[in-house]
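Visitor: Input: one structure, supplied below.
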Amino acid sequence: MTAWKNLSLTTQILTALIAGLIVGLLFNFLAPSLPVLNTINQDVFGTVGNLFMSALKLLVVPLVFVSLVVGTTSLSDPAKLGRLGIGTMLFYLATTAFAIVLALIGAKIVNPGLGVDMPLPSGYEAPKAPPVSDVLVGIIPSNPVAALAEGNMLQIIFFAILLGLAIMLSGKPGERIKAAFEDWNHVVMQLVNIVMVFAPIGVFALMASVVARLGFESLAPLLKYFMTVLVVLLVHLFVSYPLLLKIFSGLNPFTFIRKMRPAMLFAFSTSSSNATIPVNLRTTREALGVPNQISSFTIPLGATINMDGTAIMQGVAVIFIAQVYDINLTLAQLGTVVVMAVLASVGTAGVPGVGLVMLATVLTQVGVPVEGIAMIIGIDRLLDMTRTAVNITGDAAVTVLMAQREGVLDTAMYNDPAAQVDLDADELGHEHEPPRTEAQM
């Protein structure tokens, strides 16, 4: 037990992930002869995993709201806020559009749906696709308290930025409110510490539950689709993002990928961009040299609107389902897929499984039966892990780019191999960077 406590949280999570995989495979193999294992999986692993995910979701609203208010007020200059906000949005939307174009090209090359003939399960009801107009109108909350209570992330982001701007422009009263939010930010990060102590247990339960329920044999009928999505995700992760950094900043992309590994691991384990916000914040601040004024704005924003990994899944899934139903999509329809996927990503929360709802939106717009989603539900949880790692890596890449473009990136820290994050739970809430003056910002 002492040796376990001496391990970093990163090592504990990786160990729990591997242990969960092994236990899940054993349960899946032995369950036909020992039905009690299915009960254990559902009542024990499933319950523990759901409890951990609920605890992570508990953090999302206060963390995003407080972080964005603090990040907005820290910028001090409204013009700088506008420049940062517009630049961040453009980079996020551009990378998402590029991701889905890459997915469509990959799917057209592989043709994963040709020759697949799978019946739809009886009683399946496709998720209802929200109209794009509702997404756009719904950005502004009519009741911000309701938005906070319901966890409407896009409305929370809008209200947090607007409130931060008002605090910034309010003189001495605003200074007092700003100080209060900075105190709340510290308190919320300590709340993160408490939940992170249980991360290895939650990761073990989540992995064991998924593998025990699905098993690797469930991938066989859809292996072509699965591998197409996986390969495109890996290409975007290890080729697109490094090229983005190299072209627009000149930074060493291999340094970025190496330092992002702990955050990728945590995102893979939880399948939630929002749950990974505190880990991504700490990684960008303490390993990549991004000041709090930038990261506290761009990371929570990216967790909601930057869905590159999910866009890749949608691109491949649209081609796959269309081919299964023998539907030939025109070039105009493929263009619609790109536009709809980008718009859908803007209004979607970074929680597990939400990509299927986004997919329903895209399928509806191009006339492909949404019932086809049923064919990929079984393996979506496994792909969800990888695409979440892609999503949060994109958040960090854009964050580094914006810090570099604003002239506030600590390049010495970025290039320092010793500046690493081990995800020690008792340190997640502490700020290690020195205070920056207005001149430095």
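Visitor: For segment 160-187, name all the residues that are of a type in the set (Lys, Arg) and open to solvent by 50 Å² or more (accessible area, probe 1.4 Å).
Guide: Across segment 160-187, the qualifying residues are Lys172, Arg176.
Visitor: Moving to a separate point now. Within segment 188-208, track down each residue that is open to solvent by less than 80 Å² (accessible area, probe 1.4 Å) and either over 21 Å from Ala19 (Cα atoms) or not in a helix (DSSP H, G or I) (or both).
Guide: Selection gives Val188, Met189, Gln190, Leu191, Val192, Asn193.
Visitor: Ile100 is checked against (1) at pLDDT 85 or above; (2) under 30 Å from Trp184 (Cα atoms); (3) open to solvent by less than 70 Å² (accessible area, probe 1.4 Å) and fails just one. What number does that condition carry?
Guide: (2)
Visitor: Scan segment 263-281 and tell me whether some residue there is open to solvent by 10 Å² or more (accessible area, probe 1.4 Å), of a type outside the set (D, E, K, R), farther than 15 Å from Arg387 by Cα and at pLDDT below 90.
Guide: There is no residue in segment 263-281 that is open to solvent by 10 Å² or more (accessible area, probe 1.4 Å), of a type outside the set (D, E, K, R), farther than 15 Å from Arg387 by Cα and at pLDDT below 90.
Visitor: I've got another one for you. Could you pull out every one of the helices (runs of 4 or more DSSP H) wholly within segment 338-426 that has 3 or more residues that are aliphatic (A, V, I, L, M), open to solvent by less than 20 Å² (accessible area, probe 1.4 Å) and modelled with pLDDT of 70 or more?
Guide: Those helices (runs of 4 or more DSSP H) span 354-366, 377-405.
Visitor: Next question, about the same structure. Would you point out which residue out of Leu56, Leu25, Leu63, Leu21 is of a type in the set (A, V, I, L, M), touching a residue at least 24 places away in the same chain (Cβ under 8 Å) and more than 25 Å from Thr393 (Cβ to Cβ)?
Guide: Within the list Leu56, Leu25, Leu63, Leu21, the selection yields Leu25.
The values are calculated or read from the model by the stated rules, or taken from the named source; none is laboratory data. Model, not experiment: these values are computed from the prediction. Methodologically, a virtual Cβ is constructed for each residue, glycine included, from the backbone with ideal geometry; neighbour enumeration extends over all protein chains shown. Keep in mind that these areas ignore ligands, DNA and RNA; they rest on the heavy atoms of the full protein, side chains included. Shrake-Rupley method; radii C 1.70, N 1.55, O 1.52, S 1.80 Å.
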